[in-house]
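One structure is given below, encoded as structure tokens.
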Amino acid sequence: MLDEMNDVQLDLAQLIRLALAEQTEDVRLFVARLVRKYRNTDPELAEQMDLYLRAKAPRASAPLRKVAPPPLSAQPLPVDDESRLSLLKVFRDEPNREPPLLATDLEETLSQLIQERHQTKRLASMGLNPTRSAIFVGPPGVGKTLTARWLASQLGMPLYVLDLTAVMSSLLGRSGSNLRAALDFAKRSSCVLLLDEIDAIAKRRSDDTDIGELKRLVTVILQEVDEWPATGLLLAATNHAELIDPALWRRFDLVVNFKAPGIPAVKQAIKRFLGPDFALFGRWIDILTFAFHGESFSDIERDLQRFRRAVALGTASDADLIEEFVKSRALVLDRQGRIDLAVLLAKQTRLSQHAISEITGVSRDTIRKYTSEQPAAAKKTQKGKPDA
Ligand SMILES: Nc1ncnc2c1ncn2[C@@H]1O[C@H](COP(=O)(O)OP(=O)(O)OP(=O)(O)O)[C@@H](O)[C@H]1O
Ligand SMILES: [Mg+2]
């Protein structure tokens, strides 16, 4: 019978089905689609439906529910009505995830945060709440988002990541209600909510004409940080601490500083990211550590993945890859850095002084001078290869 109906009848049938199932949110989404569909062919109908939609804001639907709200997994994630972009991304990770590589103090801070959640009763007996909100600060690619995922997995909660760009790309005047819908949704469940790149709001404030709109967003967030329930955890992450509104800044219970990895962490990261290929690349570990120092974890991971692919396909040997890589890194080093690199290469590889000089741009005289200043090293070097 359904295939005998025309388009309009099909839409009507679908609408009735949703309405009778009391799927209010789905009705709203469907009607929003109809508004767009009929805008050209039947503008009056479209306008009428749009009016109904606007008269019935999403929040107003809550009191209509007669029964307890369905479990969260059954509730649709909030989306922006206009762009249809999903405002929240969900991650449900197993607790046996490998922990991120973190500095010791940072590890301790996070471990306390987890402990607090396991001992909320004890805290409560002393009139204390567990940490309800934290802001992660640090340069790109050092594990802010990754740590949020890991934390959620350790707390046995899903992680919702709010896409602030999606919130703000929505039509002017809507971003406030979009943000509220997303925050309300997250607040109702016990979850970790991450406001990723929260500086997006602050950054826009300086170059956007609609200052009022952005102010409203900040106000919404300010209120939420204050009122966030202790059943959940509110996280924010930013690369730009200086752009964060001070009023917002001081509302977070905890500030967590992420730093670019130091030498030991770089070494650990190389081992981890090489995985089974460490057997092949392990002999270059000191050179790689030196060359990668100053890079973020995600940059290190990306380069090592490239090496591993090349080796897997047989397009390059490990030695070639290392040489080419070290050459490119030498370009960004200062003179002392290049000399240190040259000395390291002289000590740890079979490269001739000529080759090392080519790679690092340090003259052979200088290499000779530095390597002979350290007699033990110099001897080793000369044993392996006659001077070029
Ligand atoms: N501390 C870390 N330990 C292990 N891997 C890491 C770490 N930091 C980053 N990585 C690797 O780099 C990837 C990107 O990291 P992540 O997205 O967490 O960076 P971020 O700090 O959130 O950066 P951005 O400020 O650009 O959002 C991760 O998925 C992971 O593979
Ligand atoms: Mg991130």
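What the table below lists for this structure:
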item	result
Filter pass, Ile244 being among the β-branched types (Val, Ile, Thr) and modelled with pLDDT under 95	yes
Qualifying residue in segment 18-30 (condition: modelled with pLDDT of 60 or more, among the hydroxyl-bearing types (Ser, Thr, Tyr) and open to solvent by 70 Å² or more (accessible area, probe 1.4 Å))	no
Segment 298-313 residues that are without any contact (Cβ under 8 Å) to a residue 12 or more places away in the chain and over 24 Å from Phe258 (Cβ atoms), paired with ones that are of a type outside the set (D, E, K, R) and assigned to a helix (DSSP H, G or I) (beta carbon under 7 Å, 6 or more apart)	Ala310/Leu321
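The values are calculated or read from the model by the stated rules, or taken from the named source; none is laboratory data. In this text, all values refer to a predicted model and were calculated from it rather than measured experimentally. Backbone-built Cβ (ideal geometry, glycine too); neighbour counts: all protein chains shown. These area figures cover heavy atoms from the full protein model, side chains too; ligands, DNA and RNA do not enter into them. Shrake-Rupley method; radii C 1.70, N 1.55, O 1.52, S 1.80 Å.
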